[in-house]
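Asks: Dropping the structure in here first, questions after.
The values are calculated or read from the model by the stated rules, or taken from the named source; none is laboratory data. The structure presented is a predicted model; accordingly, all values stated were derived computationally and were not measured. As a convention, Cβ positions derive from the backbone with ideal geometry for all residues, glycine included, and neighbour counts pool all protein chains shown.
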Amino acid sequence: MDRLATFVFLPFAGLALWYIYSTFAYRIRRHGAKEVPGPKGTHFSNNGIGNTVISSLSRYSASIKSCSILRKLRTIYTWRQHRKLLHTVLSAPATVRYEPSIELETLYTLDDLLTSPEKFSDHLERYAFGIVFRVGLGRRVHDLNDYVVQESIIGMDEIHKAFRPDLFACNIWPLLLHAPDWLVPSNKTLRKYLARLEGSIYLVQSDLKARIKDGSAPESLQKWFLEHIHEFDLTEEHGAWVFQSLVGAGTRSPYNAMMQYVINMMEHPDWQRKVQEEVDRVVGKDRLPNLKDLPNLPTVRAVIKEGIRYRSIVAEIGVPHKLDKDDFYKGYFIPKGTILHANYSAILSDRELYPDGPVYNPARWLDPSYPTYKEPLMSYPSLQGFTSFGYGRRACPAANFTERTLTVMVARLAWAFNIRKAVDPETKMEVPLDINYEPTTNPKPLAFPAVFEVRDQEKTGIIRVEAARESARDSLRTEID
Ligand code: HEM
């Protein structure tokens with residue numbers, strides 16, 4: 001009996017001591033700072049939703065879970081190398097090299113829209129993949145049926161699903177991630193998701209390596225990385241994951257931004273007219289807008305920036321970040337390990353900066369009477385340093401790249417098409433917009449109708465001729481088989 005009492009008593013005594021120690025340590029670190037508002041008691045610091053799912057879907061999660069300081073340092077070091085690689089390939093000077101690819105892919109998109117305007121959503125999604133696959137992986141994407149694109153779309157859809165607390169209980173109780181499959185069957189589903197994602201990543205990489213070997217691989221960022229791997233202290237496997245992050249992060253958000261543009265132009269025809277007037281004035285009728293026009297298209301940049309602000313669907317409550325040391329904010333103590341969500345929706349409608357926050361109003365970037373206005377208009381409005389792209393060391397490395405890809409696409413859309421709401425053939429009335437979104441993080445809008453109407457037959461001719469010519473040249477440049 002004595003032994004049983006000792007057996008029961010010791011763990012409780014240990015827990016009590018640990019509790020007393022952590023409470024005192026916490027108080028000392030707080031130094032009398034204000035308590036953060038919210039539930040008191042248990043500190044949920046290490047249990048962020050993103051943390052759980054990301055660790056279950058990341059190949060490198062083992063090192064994150066490990067308590068060994070050495071392994072943790074190695075993780076941070078590797079992460080820094082990842083960032084170095086991302087910055088090297090997405091820096092502003094590097095982005096200039098991708099300009100021909102951006103112009104080519106926008107041209108194909110206009111051509112696709114002429115052929116089947118009702119499939120505008122597919123064409124804009126193809127554009128998002130076309131750019132990243134061409135620049136990052138040296139692959140031409142003809143349409144969304146491309147096998148690798150399909151695998152990527154399914155893989156990314158599954159990852160976004162994995163964030164849902166209603167489908168994966170481990171998002172609420174992280175410990176369940178370690179429970180047996182018979183108890184928590186959704187763990188098996190997570191492993192299936194990871195296996196598929198890995199499969200698509202290694203498929204791309206092994207295909208590229210084979211093409212490098214036989215000399216048929218066109219220039220691409222991943223090829224460049226494999227040739228300069230010694231400069232990064234990363235393995236080929238790390239590199240494959242970094243390029244996966246480009247595909248994962250670099251296709252859905254720009255696609256969403258373009259779909260938002262379509263929605264905004266239908267809802268605000270006055271702004272569509274202003275954009276078209278600007279593009280017509282700067283570019284004229286006889287040639288397509290190009291990246292050199294960018295400084296002269298502030299209204300185009302303003303509608304894009306305002307669209308991203310107005311519906312910051314990338315991260316309405318922010319991508320969670322974890323504090324790696326204790327911090328103080330406005331007198332509040334935020335302990336190390338806390339998962340923080342920057343509330344983007346609130347920040348992007350802060351009344352001081354955005355007096356008419358909930359309203360779609362690109363004028364706030366163009367008119368000196370608004371607090372967000374900045375000069376010169378040759379450079380502003382710009383997406384650089386914009387809240388919607390995150391903050392701190394994990395901020396999106398592709399704001400510059402995105403600015404170029406979206407500006408030239410939107411300028412070309414405005415040059416070539418009127419976008420308007422569909423009309424009911426029976427009532428002859430406009431079909432009211434009813435936009436819904438997927439129930440996931442960074443959701444895509446669900447299908448909605450829109451009409452893409454050619455503005456001018458001469459422009460159709462220009463697009464068709466240029467697309468045919470460039471496509472013929474492109475085949476010589478990038479086709480593999
Ligand atoms: C409208 C377009 C885009 C928006 C609004 C956007 C926004 C964001 C946001 C909010 C984050 C998280 C930042 C944080 O954790 O604080 C992020 C991360 C990231 N974005 Fe973007 N992004 C866009 C386009 C792109 C494109 C085109 C690429 C690549 C070609 C890209 C690559 C990445 C990568 C690799 C990360 C992860 C960085 C890291 O983990 O350190 N993004 N983006």
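Asks: Is it fair to say Ser345 is among the hydroxyl-bearing types (Ser, Thr, Tyr) and within 16 Å of the ligand (Cβ to nearest atom)?
Replies: Yes: the conditions hold for Ser345.
Asks: How about region 370-409: which of its residues are among the polar types (S, T, N, Q), in contact (Cβ under 8 Å) with a residue 24 or more places away in the chain and either near the ligand (Cβ under 8 Å from one of its atoms) or in a loop (DSSP other than H, G, I, E, B) (or both)?
Replies: Once the filter is applied, which keeps residues that are among the polar types (S, T, N, Q), in contact (Cβ under 8 Å) with a residue 24 or more places away in the chain and either near the ligand (Cβ under 8 Å from one of its atoms) or in a loop (DSSP other than H, G, I, E, B) (or both), region 370-409 yields Ser379, Ser382, Ser388, Thr402, Thr405.
Asks: OK, next. Just to be sure before I move on: is Leu433 closer than 30 Å to Lys161 by Cβ, away from the ligand (no atom under 16 Å from the Cβ) and either under 27 Å from the mean Cα position of the chain (by Cα) or surrounded by 15 or more Cβ atoms within 10 Å (Cβ to Cβ) (or both) in the structure I sent?
Replies: yes
Asks: Still on this structure, please answer the following. For the list (1) of a type in the set (Ser, Thr, Tyr); (2) buried (at least 19 other Cβ atoms within 10 Å of the Cβ); (3) at pLDDT 90 or above, I need the number of the one condition that Tyr344 fails.
Replies: For Tyr344, the failing item is (3).
Asks: Examine region 278-291 for a residue that is more than 24 Å from Asn418 (Cβ to Cβ) and of a type in the set (Lys, Arg), and state whether such a residue exists.
Replies: No: region 278-291 contains no residue that is more than 24 Å from Asn418 (Cβ to Cβ) and of a type in the set (Lys, Arg).
Asks: Moving to a separate point now. Filter region 410-448 down to the residues that are part of a strand (DSSP E or B) and either in contact with a Ser or Thr (Cβ under 7 Å, 6 or more places away or on another chain) or among the aromatic types (Phe, Trp, Tyr) (or both), then identify the one that is modelled with the highest pLDDT.
Replies: Phe417
Asks: Also, I was wondering about something else. Quick check on region 143-171: of everything there that is outside any helix (DSSP H, G or I) and touching a residue at least 12 places away in the same chain (Cβ under 8 Å), which residue is nearest to Ser206 (Cα to Cα)?
Replies: This residue is Asp146.
Asks: Could you say whether any residue in region 172-193 is surrounded by fewer than 16 Cβ atoms within 10 Å (Cβ to Cβ), under 21 Å from the mean Cα position of the chain (by Cα) and not basic (Lys, Arg)?
Replies: Within region 172-193 (the criterion being surrounded by fewer than 16 Cβ atoms within 10 Å (Cβ to Cβ), under 21 Å from the mean Cα position of the chain (by Cα) and not basic (Lys, Arg)), the answer is no, since none of the residues qualifies.
Asks: Further question on the same structure: What is the residue count in region 92-144 for residues that are among the basic types (Lys, Arg), surrounded by fewer than 19 Cβ atoms within 10 Å (Cβ to Cβ) and closer than 20 Å to Pro218 by Cα?
Replies: 1
Asks: Could you go through region 473-481 and let me know if any residue there is at pLDDT 90 or above and hydrophobic (A, V, I, L, M, F, W, C).
Replies: No, region 473-481 contains no residue that is at pLDDT 90 or above and hydrophobic (A, V, I, L, M, F, W, C).
Asks: Residues that are at pLDDT below 90 and away from the ligand (no atom under 16 Å from the Cβ): list the helices (runs of 4 or more DSSP H) wholly contained in region 212-287 that include at least 2 such residues.
Replies: Counting at least 2 such residues, we get 221-227, 236-267.
Asks: Condition first: loosely packed, with under 12 Cβ neighbours inside 10 Å and closer than 26 Å to Asn442 by Cβ. Now tell me which residues in region 318-328 satisfy that.
Replies: Asp324
Asks: What's the number of the condition Phe389 fails, among (1) surrounded by fewer than 13 Cβ atoms within 10 Å (Cβ to Cβ); (2) out of contact with any Phe, Trp or Tyr (no Cβ under 8 Å at 6 or more places or on another chain); (3) hydrophobic (A, V, I, L, M, F, W, C)?
Replies: Phe389 satisfies every listed condition except (1).
Asks: Still on this structure: Could you please tell me which pairs satisfy a Cβ distance under 6 Å, a separation of 6+ or placement on different chains, a first residue in region 429-445 that is within 16 Å of Leu124 (Cβ to Cβ), and a second residue that is among the hydroxyl-bearing types (Ser, Thr, Tyr)?
Replies: Pro443/Tyr437; Pro445/Tyr437
Asks: Please go through (1) closer than 30 Å to Ser91 by Cβ; (2) part of a helix (DSSP H, G or I) for Arg464 and return the number of the only condition it doesn't satisfy.
Replies: Evaluating Arg464 over (1) closer than 30 Å to Ser91 by Cβ; (2) part of a helix (DSSP H, G or I) leaves (1) as the failure.
Asks: Moving to a separate point now. Being free of Cβ contacts under 8 Å to residues at least 60 places away in the same chain, in contact with a strand residue (DSSP E or B) (Cβ under 8 Å, 6 or more places away or on another chain), more than 28 Å from Tyr108 (Cβ to Cβ) and away from the ligand (no atom under 12 Å from the Cβ) is true for just one of Asp327, Asp356, Asp367. Which residue is that?
Replies: Checking each option against the conditions leaves just Asp327.
Asks: Return a yes/no flag: does region 288-296 have any residue that is over 18 Å from Glu403 (Cβ atoms) and either at pLDDT below 95 or more than 16 Å from the ligand (Cβ to nearest atom) (or both).
Replies: Yes, region 288-296 contains at least one residue that is over 18 Å from Glu403 (Cβ atoms) and either at pLDDT below 95 or more than 16 Å from the ligand (Cβ to nearest atom) (or both).
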